[in-house]
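Written out below as structure tokens is the structure these notes cover.
The values are calculated or read from the model by the stated rules, or taken from the named source; none is laboratory data. Keep in mind that what you see is a predicted model, and the values were worked out from it rather than measured. Here Cβ is always computed from backbone atoms with ideal geometry, including for glycine, and neighbour counts include all displayed protein chains. We work out accessible area using only protein heavy atoms, side chains counted, and drop any ligands, DNA or RNA first. Shrake-Rupley method; radii C 1.70, N 1.55, O 1.52, S 1.80 Å.
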Amino acid sequence: MKVAVFRKAHFNAAHRLHVEGWSDEQNREEFGKCNNPHYHGHNYAMDIKVVGEVDPITGYVIDMKYLKDIIKEKVEDKLDHKNLNIEVPEFKTVNPSCENICILIHTILQEALGKKYEVTVRLYETPRNYCEYPAS
Ligand code: NI
């Protein structure tokens with residue numbers, strides 16, 4: 001029987017959304033405050049959903065302590081209190097938008113947990129703006 005379990009986590013990070021080939025005006029128009037040349041921060045919140053078979057012996061889909069530790073080591077330690085554009089290699093040439101950060105977190109966690117689990121990541125850039133990958 002497959003069940004979904006969820007773990008909440010968060011990190012704080014700075015970013016700037018900007019397209020190299022565009023004029024300053026075009027960048028400001030598209031990205032607004034997120035185009036601030038001096039960067040700005042967000043308190044990102046994540047809902048990590050993990051779907052898997054319930055183990056008949058433990059009764060667990062996944063040990064939540066293990067999930068918590070994986071999120072901490074692979075995601076929070078990589079992104080927390082970082083300038084995403086400068087300090088996270090994946091965003092050297094890719095805009096660190098909510099969507100792209102969400103895809104990165106998904107890639108990291110799906111890889112870490114393996115194929116027996118289906119991972120979905122919902123990432124809140126603000127309490128009202130959030131995205132989810134994979135899209136259902
Ligand atoms: Ni922003």
Fill in the blank from the handout: GLY32 meets each of (1) at negative phi; (2) near the ligand (Cβ under 10 Å from one of its atoms) with one exception, condition (1)
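Can you spot a residue in the stretch 57-66 that is buried (at least 18 other Cβ atoms within 10 Å of the Cβ) and touching a residue at least 24 places away in the same chain (Cβ under 8 Å)?
Keep residues of the stretch 57-66 that are buried (at least 18 other Cβ atoms within 10 Å of the Cβ), which gives 61-62.
Now narrow it down to the ones that are touching a residue at least 24 places away in the same chain (Cβ under 8 Å): 61-62.
Taking every residue of the stretch 57-66 in turn, at least one turns out to be buried (at least 18 other Cβ atoms within 10 Å of the Cβ) and touching a residue at least 24 places away in the same chain (Cβ under 8 Å).
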Practice task
Run PRO96 past the list (1) more than 16 Å from the ligand (Cβ to nearest atom); (2) within 21 Å of GLU132 (Cα to Cα) and report the number of the one that doesn't hold.
Solution key: (1)
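One line per residue, one yes/no per condition, for (1) among the hydroxyl-bearing types (Ser, Thr, Tyr); (2) open to solvent by 30 Å² or more (accessible area, probe 1.4 Å); (3) in a helix (DSSP H, G or I); (4) over 25 Å from ALA4 (Cα atoms):
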| site | (1), (2), (3), (4) |
| --- | --- |
| CYS102 | no, no, yes, no |
| ILE105 | no, no, yes, no |
| GLU111 | no, yes, yes, no |
| PRO127 | no, yes, no, no |
Problem - Single residue of PHE6, PHE11 found to be more than 16 Å from the ligand (Cβ to nearest atom), modelled with pLDDT of 95 or more, part of a strand (DSSP E or B) and not acidic (Asp, Glu) - result: PHE6
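Whether any residue in the stretch 82-91 is buried (at least 18 other Cβ atoms within 10 Å of the Cβ), in a strand (DSSP E or B) and within 15 Å of the ligand (Cβ to nearest atom) is what I want to check.
Our first condition is that a residue be buried (at least 18 other Cβ atoms within 10 Å of the Cβ); within the stretch 82-91, this holds for 82, 84-85, 88, 91.
This time we only want the ones that are in a strand (DSSP E or B), so: 82.
Checking the rest, the ones that are also within 15 Å of the ligand (Cβ to nearest atom) come to 82.
Yes, there is a match, as at least one residue in the stretch 82-91 is buried (at least 18 other Cβ atoms within 10 Å of the Cβ), in a strand (DSSP E or B) and within 15 Å of the ligand (Cβ to nearest atom).
So, in the stretch 113-125, of the ones that are more than 16 Å from the ligand (Cβ to nearest atom) and not in a strand (DSSP E or B), which residue ends up most open to solvent (accessible area, probe 1.4 Å)? Spell out how you get there, then give the answer.
We begin by selecting, within the stretch 113-125, every residue more than 16 Å from the ligand (Cβ to nearest atom); these are 113-122.
Filter once more, keeping what is not in a strand (DSSP E or B): 113-117.
Numbers: LEU113: 18, GLY114: 25, LYS115: 205, LYS116: 151, TYR117: 26 Å².
Per the stated criteria, the residue is LYS115.
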Fill in the blank from the handout: With criteria (1) modelled with pLDDT of 95 or more; (2) out of contact with any Asp or Glu (no Cβ under 8 Å at 6 or more places or on another chain), LYS33 comes up short on (1)
Problem - Residue satisfying all of: in the stretch 38-56; in a loop (DSSP other than H, G, I, E, B) and either more than 14 Å from the ligand (Cβ to nearest atom) or more than 24 Å from PRO127 (Cα to Cα) (or both); most open to solvent (accessible area, probe 1.4 Å) among these - result: PRO56
Practice task
Could you give me the residue pairs with C-beta distances under 7 Å whose first residue belongs to the stretch 1-29 and is surrounded by 12 or more Cβ atoms within 10 Å (Cβ to Cβ), whose second residue is acidic (Asp, Glu) and in a helix (DSSP H, G or I) wherever it lies, and which are 6+ apart or on separate chains?
Solution key: ALA9/GLU76; PHE11/GLU76
